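Take a look at the structure set out below.
The values are calculated or read from the model by the stated rules, or taken from the named source; none is laboratory data. Because the structure is predicted, anything quoted here is derived from the model rather than measured. Cβ sites come from the backbone with ideal geometry, for glycine too, and all protein chains shown count toward neighbours.
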Amino acid sequence: MKKLISFIVLFIFIISLSGCSLLFPSSGNKTTAKKTTTANNIDDTTTIKNITTTTKNGDAKEKLSTPIVVIDDLGNVSWNEVTGAVKYHYIIEKNGSSSENDTLNTSGIKLSLGESIKVKAIANEESNIDSDYSTSKTYSITLNKIDAPTVRIEKGYAKWNQIEGAIGYGYKIYEKTSALTETLVEEGIVGIDEYVPIFVNNSIEVYTISGLDDKGDSAYSGRVTATVSNFTPVLSIDSDGFATWTLSTETDYYSYSIDGSDEFKVTSETRFRVENNSTFKVKPVYYYAKDNVYYEITGVWNWSNEETSTWSNREPVKVSTPNLTFNDDYTKIVWEKNDNAKEYNYKFVGQSTYYSTTDNYIELSRISGGSGIVVKAVGYTGYYLDSDYSDPIYPKPINTPMVTINDSGKATWTKLDDAEGYYYIKNDDEPVYTRFNAITLEVGDTLRVKAYSSKYLEGEYGITKTYSGTPFTALSKSRIDSMSSTYYYDKLATYTNGTKMQEFYRTIDNLVYNFYKEYRTVSKDEAILEERYSTLSLADSDIKIIFTSYRNDHPFYYFIRNSYSYGTYFKLYVDDDVLNGDTRRQYDKNIIEMVDEYVGYAALKTTDYEKAKIVHDLIVRDMEYAYDSNGNPLDASYAHTVVGPATYGTGVCESYSRLYEMVMNVIGIECVFISGTGVTTTGSEAHAWNIVKINNNWYYLDMTWDDNMSSTATVYYYFLVAEGEVTTDGLTFAQQHYPDTTDGLKIPTVTSTPLNK
C-alpha cells in the first residue's frame, strides 16, 4: 500500500511539472544542482545547460542533462538518473585502448585500476536530444595506500603491529659489510601472525601487502636494527640446590657450565637444579631461529659468577605424588613437574617391572595394551624420599555404558565405577552431561549414552536404543535358530554314536526353548532339564561332547550354566546371575537390539567379506575388554556371554566370540566358536576366538586381540587369517592359538590360501 501511495504522489508531481513547462517554456535556463559527497571529492556544484533546438516541423526538442558520474573506493561506477533518457552510452579507456557499450542501468559497472569512464544519456529521438558526455573519471588509489607497519625487535625476531586489510607482509634484511655500506642478504613474504628471525646487528624493513583491490601495498617501514646490550647475569644457588640468575630482556636462552665443563649446553629454564657440591655458571646466548643455531656474543654477553651448590643437611622429605591426566589432544599422559624429583618411574598396574624417564609425560604411542599405568616421583638421594605411586590412568577409552529401557519408559545405563559422569543424546539433540544414570523417555524417543572420566581416553556412544512402549515378548523358535549355528550338531553325525548324540542334542534344544519362552524365575540349583542316563545309551564322553557342542552352537542361550550334573540324571541349570525371569527378558531385549543394529549395517554391504568386516568394526567400536580392579579378566558371568556387550558394553574373549558368531549366523555366514589357549609374549591363558567361512574357505578370526592391539585405531591383525599366515611378532595364528580338542571336539580345517583383502 505504501508503494502504491508513493507512485500516485510521484505521478501527480510529474503531471504538475509538465503543466509548469507548458506555461513557462524554458530557453537557456541554468539549473544549479548540489552534488552528493563522494570519496572522489567532486566539486560542490555542477552546472547543467539545457539547450533548445527546433525540428523541421518547428517543434522544440530539449537536450538531456549530462550524467554526473561517481566512482567509489572499490571502483564501482554510478551516475544520477537523467529524466527523458531511454538508456546510457559509456566509453571505458585505458592506455590508449577503449571499449563502448550501452546500459539501461545507472550502476553495476566496475573499473580496474587506471581505467577511466565517461557517460552520456541517450534520448528518444522523437522528443529529445542525447546529452553531452560526462567528464572522464579515472579509478585511482594513489591516495589510499594501506598503512605501513611499525617494526620492533624482540629476542631474535622482527615483529610488527598487524595492519587491517593486510594479507601478508614483505621484508628485506640487510647486513652491514662496513661502517658505511649494507648488503641485502634476504627478502621474502610472510603471512599474517608470522614473524621473521633476524641475526644480531642485521637490519630489516617491512611493508604491508594489501588484500583489497582499492588499496595498494604500503611503502616500507623505517629500517630497524637487531642490537643487544652488554649483560652479565648475577647468579645464586639456594639451600635446595636451585640456581637462579638475573634474566636478560633480549633472549630466553642461556648456556651453562657445570664443574667448569666447556661442553656447550643450553637451557631456556629460569632456574636449574645443581647437584650437591657441583659448581655452576650461565651466560646468555642468541638464538637464530632461521638456522636453529645458538650463538655466543663474545664481549657483550658474559658469564655470570660461578657458585657451588651446597645442600643443607635435613631429614629427608617425601616428594608429592604425581597427579596423572591426559594432554588436550590425548597423545600423552602428563603430570606436573616436581622440582624435587630427579626422575620418574612408571609401570603397569599389577606388574613389578618399571621404566624411568626424566620427562613429565609418557607418549601414548609408546604404550601397548589397556592396563592402568601408575607413576611415582624419584627424589634426590639423601634429601628427598620417593613419592607413592599415583592413582592409575588408563591408555584406553572408558567403557561404553549400555542402556536398558523398561516397559514404563525409564531408561537406565550401567553405572561405571570409573565414570565421573555421562553424556547422553536424546532424539539426536545436543549432548547433555549428567552425574546420574537414568532418565525418563516418551514413546518413540531414542537415546545414546557415553561415559566420561579424566583417567581414561574419551569413550564412544553406545548403540541407539528406542522406547517402543511395547513389552518384549519371547522370540519364536525359528528366530532363535537363525542366531544359532549347526556346525557342531552336524559334526555329531561323524562320531560312533552320532545318531543318538544328535537325537539327545535335539531333546536338549526343545526343552531349553520351552524353558526360555516362559521367562520363569527359578531358584538356585533348580534344574531346568532332567534326563535319566540309563535311557540315553550314551557314554559320559559322548554327553560331554553334546553339552559343549550345544553351548557352542547357541550363543543366545546365555543363561545355561557352564556345567551340568550327571549320575542318575543329566541336569542343566540356570546361571546364578539370571535366575529372575524379568532380568532375562530385559537382557534378551538388549541382545536383540544390538544384533538387529549390526545386521542392519551388514545389509548395506555386498560381499560376505565386507559384511564380516563391518561387524568386526562395530564390535570393536562398542566393546571394551572387561578387567577387574587388579587388571585381570573379569570373572562375572555376564562378561563371558552376549549379555556383557549388549548390556554393559564390555566382556572378555568369550563374549566377543559368541557375539560375533551370533551376528554372523543371522547374516548367513558360517561362523564357529572355538575355545582353547592363547599364547602371548607374557604367557598363556584360557582364550576364545572364531573360525569363519568366506568364499567356501575357513579362516581364523580373533575379535578380542584385534580390539586390544590398539587403543585408538581399528586393526585387522587377526581378521580372517589363513593357516600359516603371519599375524604379529613374526608368528602365525596357530602358533598363538591352541584349540581345546582333548574331549574329541572337532573343529573346521582352515585354508592355507590367504584371503585377497
If the requirement is being more than 22 Å from residue 688 (Cα to Cα), free of Cβ contacts under 8 Å to residues at least 60 places away in the same chain and in a helix (DSSP H, G or I), which of these qualifies: 606, 583? 583
So the strands (runs of 3 or more DSSP E) completely within segment 309-384 holding 2 or more residues that are more than 22 Å from the chain's Cα centre (by Cα) and more than 25 Å from residue 629 (Cβ to Cβ) are 341-348, 354-357, 373-379
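Conditions tested, residue by residue: (1) surrounded by fewer than 18 Cβ atoms within 10 Å (Cβ to Cβ); (2) of a type in the set (S, T, N, Q).
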position	(1), (2)
426	yes, no
431	yes, no
434	yes, yes
451	no, no
469	yes, no
479	yes, no
526	yes, no
529	no, no
Go through segment 492-525 residue by residue and tally those that are under 24 Å from residue 538 (Cβ atoms) and among the small types (Gly, Ala, Ser). 2
Contacts under 6 angstrom Cβ, first residue in segment 164-179 being free of Cβ contacts under 8 Å to residues at least 12 places away in the same chain, partner not in a loop (DSSP other than H, G, I, E, B), 6 or more apart: 177/183
Selection over segment 390-431 where residues are part of a strand (DSSP E or B) and within 22 Å of residue 647 (Cβ to Cβ) yields a count of 16
When you check residue 621 against the structure, is it more than 19 Å from residue 748 (Cα to Cα) and among the basic types (Lys, Arg), yes or no? yes
I need the strands (runs of 3 or more DSSP E) fully contained in segment 59-136, keeping only those with at least 2 residues that are under 30 Å from residue 217 (Cβ atoms). 69-71, 76-79, 85-94, 97-103, 107-110, 116-123
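Go through segment 289-308 residue by residue and tally those that are under 46 Å from the mean Cα position of the chain (by Cα), at negative phi and not basic (Lys, Arg). Working first, answer last.
Our first condition is that a residue be under 46 Å from the mean Cα position of the chain (by Cα); within segment 289-308, this holds for 289-297.
The next check asks that each one be at negative phi; those that pass are 289-291, 293-297.
With not basic (Lys, Arg) added as a condition, the list becomes 289, 291, 293-297.
Counting residues in segment 289-308 that are under 46 Å from the mean Cα position of the chain (by Cα), at negative phi and not basic (Lys, Arg) gives 7.
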Please give the number of the condition residue 572 fails out of (1) assigned by TED's automatic domain parsing to the domain that holds residue 672; (2) crowded, with 18+ Cβ neighbours inside 10 Å; (3) within 23 Å of residue 477 (Cα to Cα). (1)
Which pairs have Cβ atoms under 6 Å, sit 6 or more apart or on different chains, and link a residue in segment 245-262 that is within 19 Å of residue 307 (Cα to Cα) to one that is small (Gly, Ala, Ser) and in a loop (DSSP other than H, G, I, E, B)? 245/304; 258/278; 259/278
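So, in segment 295-352, of the ones that are among the small types (Gly, Ala, Ser) and surrounded by 13 or more Cβ atoms within 10 Å (Cβ to Cβ), which residue ends up farthest from residue 387 (Cα to Cα)?
Step one: filter segment 295-352 for residues among the small types (Gly, Ala, Ser), giving 299, 304, 309, 312, 320, 341, 350, 352.
Restricting the remaining residues to those that are surrounded by 13 or more Cβ atoms within 10 Å (Cβ to Cβ) gives 304, 309, 320, 341, 350.
Numbers: 304: 35, 309: 24, 320: 6, 341: 9, 350: 18 Å.
Result: 304.
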Test result for residue 125, charged (D, E, K, R), at pLDDT below 90 and either out of contact with any Ser or Thr (no Cβ under 8 Å at 6 or more places or on another chain) or surrounded by 13 or more Cβ atoms within 10 Å (Cβ to Cβ) (or both): yes
Single residue of 230, 277 found to be in contact (Cβ under 8 Å) with a residue 60 or more places away in the chain and not assigned by TED's automatic domain parsing to the domain that holds residue 343: 230
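Please go through segment 372-418 and pick out each residue that is among the charged types (D, E, K, R) and either over 30 Å from residue 467 (Cβ atoms) or modelled with pLDDT of 90 or more (or both). I'd like the intermediate steps shown before the answer.
If we filter segment 372-418 for residues that are among the charged types (D, E, K, R), which is where we start, we get 376, 386, 388, 391, 396, 407, 410, 415, 417-418.
Hits for segment 372-418 are 376, 386, 388, 391, 396, 410.
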Scan (1) over 30 Å from residue 307 (Cβ atoms); (2) without any contact (Cβ under 8 Å) to a residue 60 or more places away in the chain; (3) among the polar types (S, T, N, Q); (4) not in a loop (DSSP other than H, G, I, E, B) for the single condition residue 208 breaks and write down its number. (2)
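Sort out which residues of segment 621-640 are within 19 Å of residue 576 (Cα to Cα) and among the small types (Gly, Ala, Ser), and write them in order of number. Walk me through it before giving the result.
So in segment 621-640, the residues within 19 Å of residue 576 (Cα to Cα) come out as 634-640.
636, 637, 639, listed by residue number.
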If you go through segment 420-436 one residue at a time, do you hit one that is touching a strand residue (DSSP E or B) at 6+ places or on another chain (Cβ under 6 Å) and of a type in the set (S, T, N, Q)? yes
Identity of the residue in segment 455-467, among the hydroxyl-bearing types (Ser, Thr, Tyr) and surrounded by 20 or more Cβ atoms within 10 Å (Cβ to Cβ), that ends up nearest to residue 663 (Cα to Cα): 467
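Could you count how many residues in segment 440-459 are touching a residue at least 40 places away in the same chain (Cβ under 8 Å) and closer than 18 Å to residue 590 by Cα?
The initial filter retains those residues of segment 440-459 that are touching a residue at least 40 places away in the same chain (Cβ under 8 Å), namely 447-459.
Adding the requirement that they be closer than 18 Å to residue 590 by Cα leaves 447-450.
Adding up the residues that qualify gives 4.
Among the listed residues 355, 380, identify the single one that is aromatic (Phe, Trp, Tyr) and farther than 23 Å from residue 242 by Cα. Quick ask: steps written out before the conclusion?
Values: 380 fails: farther than 23 Å from residue 242 by Cα.
Just a single option satisfies the conditions, and that option is 355.
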Residue set 559, 547; condition of a type in the set (Phe, Trp, Tyr), in contact with a helix residue (DSSP H, G or I) (Cβ under 6 Å, 6 or more places away or on another chain), buried (at least 18 other Cβ atoms within 10 Å of the Cβ) and not assigned by TED's automatic domain parsing to the domain that holds residue 614; output residue 559
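How many of the residues in segment 658-714 are of a type in the set (A, V, I, L, M), modelled with pLDDT under 95, in contact with a strand residue (DSSP E or B) (Cβ under 8 Å, 6 or more places away or on another chain) and under 24 Å from residue 398 (Cβ atoms)? It would help to see each step written out before you state the result.
Keep residues of segment 658-714 that are of a type in the set (A, V, I, L, M), which gives 659, 662-664, 666-667, 669, 672, 674, 679, 686, 688, 691-692, 694, 701, 703, 709, 713.
Cutting the leftovers down to modelled with pLDDT under 95 gives us 679, 686, 703, 709, 713.
Restricting the remaining residues to those that are in contact with a strand residue (DSSP E or B) (Cβ under 8 Å, 6 or more places away or on another chain) gives 679, 686, 703.
With under 24 Å from residue 398 (Cβ atoms) added as a condition, the list becomes 703.
Qualifying residue count, segment 658-714: 1.
Criterion first (under 38 Å from the mean Cα position of the chain (by Cα) and closer than 20 Å to residue 154 by Cβ) does residue 226 satisfy it?
When the stated conditions are applied, residue 226 does not pass them.
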